[in-house]
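See structure below.
Just so it is clear, none of the values below were taken in a lab; they were calculated from the coordinates. Everything numeric here is computed off the predicted structure, so don't read it as measured data. We place every Cβ from the backbone using ideal geometry, glycine too, and count neighbours over all the protein chains shown.
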2 protein chains.
Amino acid sequence: MNILIIGGGGFVGRKIAASLAEKGSLRGQPITKLVLADVAQPDPVEAPFPVTGAACDITDRAAVDGLIGADVDVIFHLAAVVSAHAEADFEAGMQVNLFGTYNILERCRALGTCPVVVFTSSLAVFGGEVPDPITDFTIPNPQTSYGMQKAVGEMLINDYSRKGYIDGRGFRLPTISVRPGKPNRAASSFMSSIIREPLNGEPAICPVDPEQEHFYLSPRRCVQNLIKGAELDASDLGQQRCMTLPGLRLSIRQMIDALTAVAGPEPAKLIRWEEQPDIAAIVRGWRFDYRFDKATALGLEADQSFEENVRYYMEDDLPKT
Amino acid sequence: MNILIIGGGGFVGRKIAASLAEKGSLRGQPITKLVLADVAQPDPVEAPFPVTGAACDITDRAAVDGLIGADVDVIFHLAAVVSAHAEADFEAGMQVNLFGTYNILERCRALGTCPVVVFTSSLAVFGGEVPDPITDFTIPNPQTSYGMQKAVGEMLINDYSRKGYIDGRGFRLPTISVRPGKPNRAASSFMSSIIREPLNGEPAICPVDPEQEHFYLSPRRCVQNLIKGAELDASDLGQQRCMTLPGLRLSIRQMIDALTAVAGPEPAKLIRWEEQPDIAAIVRGWRFDYRFDKATALGLEADQSFEENVRYYMEDDLPKT
């Protein structure tokens with residue numbers, strides 16, 4: 001089993017790699033090779049099989065052709081320009097998110113080897129005028145260019161699969177919390193910061209109302225779902241290969257209660273409540289009422305409660321002192 | 001008002017041109033220029049304003065740049081490789097239907113003039129696992145490459161509009177009947193032939209059961225809707241600029257009853273019932289239970305009854321003897 005992770009330098013890609021290293025097999029076959037590809041060549045991970053890093057700009061068709069050989073069995077395609085970047089730089093978002101995905105799929109079509117392709121889509125495909133709840137049958141009506149590009153990616157994944165060029169499957173990720181690492185400029189950054197920073201002994205700001213709801217998945221469960229997603233039988237996927245991953249709908253208050261239940265009362269005291277109207281307005285525009293029946297029927301899972309998310313962060317990502 | 005019809009050599013394009021010639025104005029402004037563009041240069045139509053034909057291959061970005069000037073106010077983008085062709089030749093469908101549309105939109109973005117763009121989409125965007133009825137909020141789940149390419153076109157129309165690069169609107173056409181002209185190789189060809197050929201005094205074959213239902217719109221009403229679609233205020237379109245055009249859900253039997261009601265009992269006697277299992281199987285896979293609330297709210301209209309479709313054919317397209 002020869003595996004390629006495109007976007008292998010990001011935190012989800014590296015966690016998939018680490019999980020595959022531990023697991024040693026995929027789709028019932030021992031893993032013989034793993035390549036982590038990204039714009040900047042990623043460091044390899046420790047594994048009982050050969051792991052290499054590769055630099056690849058997916059907007060360059062020739063580079064993609066060089067990256068994906070006929071011996072690749074499974075591709076995780078996680079590479080993307082993120083939402084704020086794609087909104088600020090329309091051209092960059094189109095080139096990476098839409099044409100980068102197209103280049104990968106076209107290479108697979110040219111090879112004729114029908115690799116499994118796991119595509120990470122986003123709940124940003126949804127929005128606009130559609131009524132709640134947002135189900136497996138709700139029209140994507142993205143209100144960002146990033147969401148549009150992911151929605152187009154889903155269309156391509158489905159049709160290239162229907163034609164037999166790839167064996168694709170796409171998963172719309174809930175907001176990942178608790179994300180490891182540093183805060184970033186995403187409007188959702190605080191949804192991890194308010195848990196992560198206090199657990200690290202650092203202060204954090206919550207810019208929205210404690211009753212604000214949203215839809216979450218832990219990194220550990222996300223990676224489990226993506227790996228399980230790679231292992232699903234094509235025959236179980238039916239005529240729609242893209243779906244919303246299971247997640248938990250939670251208020252900020254529920255998340256902080258879980259933090260306190262797991263880590264005691266001290267961390268929550270490090271959260272400063274400071275409404276930031278611009279962030280609060282963006283987040284109020286996001287949808288959180290999702291159904292994910294198809295993913296559940298296929299055995300994909302949400303976290304059992306947000307206490308799991310807190311615990312996973314402490315076990316997997318808390319900086320060792 | 002300077003108007004460009006891309007796909008202006010097809011029967012819908014020519015009917016739009018003829019209708020604009022009669023109307024003389026669009027969006028409240030007198031029409032000053034009309035260009036009909038297609039792969040092969042279309043003949044101009046008679047009009048009280050200058051009309052020219054232009055040859056343009058929309059897969060060629062430079063040709064598209066040459067076609068669309070900063071003075072173009074309204075573009076009707078009807079050009080497409082049809083369903084069977086796009087299914088047989090994946091590359092051709094992608095190049096014309098997806099990248100051709102992209103080239104047009106990119107040219108508009110580069111111009112910065114935000115022209116109105118009317119895009120003809122298709123009910124082929126729907127299919128697969130979605131439940132009936134198919135509403136304005138149903139996910140596109142195309143089961144043909146043509147449908148996928150049209151669904152991607154809708155995504156692009158929406159996002160280029162949201163960004164202010166165009167003022168786009170997309171309309172999913174029901175099956176057009178009674179189409180003028182000759183039978184073609186489309187599986188839906190008989191849906192016009194069984195009315196048109198008998199009215200022309202010629203025999204026709206009906207390859208499906210008389211109870212088979214489908215979803216129809218006349219050419220005349222289609223053109224009225226597309227022109228009205230060009231005239232809608234952007235502010236009335238909301239966050240979803242693509243919609244299913246109103247149509248009539250009818251059985252073959254109802255269509256033939258309408259033929260007889262309008263033209264007497266003789267034409268229907270020219271229909272030979274000859275089940276063709278391959279055609280019947282394709283048509284049974286098509287959806288016909290559509291809702292079109294958004295289009296109706298915007299003032300777009302179905303035919304009142306199929307008798308109108310029969311009459312329109314006789315008035316507009318019946319070959320003069």
> Between residue B:27 and residue B:61, what is the FRET efficiency for a Förster distance of 22 Å, r being their Cβ-Cβ separation, to the nearest 0.05?
Replying inline: 0.20
>> For B:273, B:286, which order do you get if you count the other beta carbons within 10 Å of each Cβ and list the fewest first?
In response: B:273, B:286
> Which whole number gives the average, over all residues in B:133-140, of C-beta atoms from other chains lying within 10 Å of the residue C-beta?
Replying inline: 6
> Under the classification rounded if a/c is under 1.5, otherwise prolate if a/b is larger than b/c and oblate if not, where does region A:71-110 fall, given a ≥ b ≥ c as square roots of the Cα gyration tensor eigenvalues?
Replying inline: oblate
> Within straight cross-link reach of residue B:182, meaning Cα distance under 17 Å, which aspartates and glutamates are found once same-chain residues fewer than 8 apart are removed?
Replying inline: B:197, B:202, B:316, B:317
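How large is Rg over Rh for the protein assembly as shown, taking Rg from the Cα atoms and Rh as the Kirkwood inverse mean of 1/r across Cα pairs? Please report the intermediate quantities before stating the final value.
Numbers: Rg = 27.0 Å, Rh = 26.5 Å.
Rounded to two decimals, Rg over Rh is 1.02.
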>> Please report, for residue B:18, the nm distances (one decimal) from its label point, 7 Å out from Cα along the beta-carbon direction, to the equivalent points in the remaining copies, shortest first.
In response: 6.9
>> Net charge within 13 Å of residue B:308 by Cβ-Cβ distance, Lys/Arg positive one each and Asp/Glu negative one each, not counting residue B:308 itself?
In response: -2
>> Can you find, among B:258, B:306, B:101, the residue sitting farthest towards the positive end of the charge dipole of the protein assembly as shown, where Lys and Arg contribute +1 and Asp and Glu -1 at Cβ?
In response: B:101
>> List, shortest first and in nm to one decimal, how far the label point of residue A:113 (7 Å from Cα along Cα→Cβ) is from its counterparts in the other copies.
In response: 4.8
> Considering the zone a paramagnetic label at residue B:84 would reach in this model (a point 7 Å from Cα along the Cα-to-Cβ line), which residues of region B:250-280 have amide N under 18 Å from it?
Replying inline: B:274-280
>> Quick check: net charge around residue A:239, other residues with Cβ under 10 Å of its Cβ, Lys/Arg +1 and Asp/Glu -1?
In response: +1
> Label points 7 Å out from Cα along the Cβ direction at residue B:52 and residue B:231: separation in nm?
Replying inline: 2.8 nm
> Cα gyration tensor of region B:253-321, axes a ≥ b ≥ c as square roots of the eigenvalues: rounded (a/c below 1.5), prolate (a/b > b/c) or oblate?
Replying inline: oblate
>> Which one, A:147, A:18, A:164, is farthest towards the positive end of the dipole of region A:2-173 when Lys and Arg carry +1 and Asp and Glu -1 on their Cβ?
In response: A:164
>> Using a label point 7 Å beyond Cα on the Cα-Cβ vector, give me the inter-copy distances for residue A:209 in nanometres, one decimal, shortest first.
In response: 5.5
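Rounding to the nearest 20 debye, state how big the charge dipole of region B:65-161 is about its Cα centre with +1 on each Lys and Arg Cβ and -1 on each Asp and Glu Cβ.
Charge dipole, region B:65-161, about its Cα centre: 120 debye, nearest 20.
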> If we count other beta carbons within 10 Å of each Cβ, what is the order of B:38, B:159, fewest first?
Replying inline: B:38, B:159
> Of the lysine pairs in region A:2-173, how many meet both conditions: Cα atoms under 25 Å apart, and a spacing of 8 or more in sequence or different chains?
Replying inline: 5
> How large is the charge dipole for region B:1-114, taken about the Cα centre, if only the Cβ atoms of Lys, Arg (+1) and Asp, Glu (-1) carry charge, to the nearest 20 debye?
Replying inline: 440 debye
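Nothing charged except the Cβ atoms of Lys and Arg (+1) and of Asp and Glu (-1): what's the magnitude of the dipole of region B:165-315 about its Cα centre? Round to the nearest 20 debye.
About 340 debye.
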> Between residue B:132 and residue B:272, what FRET efficiency comes out of the Förster formula 1/(1 + (r/R0)^6) with R0 = 35 Å and r the beta carbon distance, rounded to 0.05?
Replying inline: 0.65
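Evaluate the Kirkwood expression for the hydrodynamic radius of region A:212-302, namely the inverse of the mean inverse distance over all pairs of different C-alpha atoms, and round to one decimal in Å.
Averaging 1/r across every pair of different Cα atoms and inverting gives 15.6 Å.
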> For residue B:155, what is the net charge nearby, where nearby means another residue's Cβ is under 12 Å from its Cβ and Lys, Arg count +1, Asp, Glu -1?
Replying inline: +1
> Relative to the longest principal Cα axis of chain A, at what angle does helix A:252-263 sit, 0 to 90 degrees, rounded to 10?
Replying inline: 90 degrees
> Using alpha carbons only, how many degrees (0 to 90, rounded to 10) separate the axis of helix B:11-23 from the longest principal axis of chain B?
Replying inline: 70 degrees
> Looking only at A:229, A:247, A:201, which one moves most when chain A is put into a Gaussian network model with springs between Cα atoms under 10 Å?
Replying inline: A:201
> Pairing the Cα long axis of helix B:219-231 with the longest principal axis of chain B, what angle in degrees results, from 0 to 90 and rounded to the nearest 10?
Replying inline: 20 degrees
> Considering every Cα-Cα pair within chain A, what fraction, in whole percent, is farther apart than 27 Å?
Replying inline: 42 percent
>> Suppose the Debye formula is applied to equal point scatterers at every Cα of region B:2-173; what is log10 I(q)/I(0) at q = 0.09, 0.10, 0.15 Å⁻¹?
In response: -0.30, -0.37, -0.83
> Considering only A:4, A:29, A:131, whose Cα is most displaced toward the positive end of the charge dipole of region A:2-173, charges sitting on Cβ of Lys, Arg (+1) and Asp, Glu (-1)?
Replying inline: A:29
> FRET efficiency for residue B:184 and residue A:40, Cβ-Cβ distance as r, R0 = 51 Å, nearest 0.05?
Replying inline: 0.45
> Measuring from the lowest to the highest alpha carbon on each principal axis, how far does region A:49-95 reach, largest first, in angstroms?
Replying inline: 39, 22, 17
> When A:290, A:313 are ordered from fewest to most other Cβ atoms inside 10 Å of their Cβ, what list results?
Replying inline: A:290, A:313
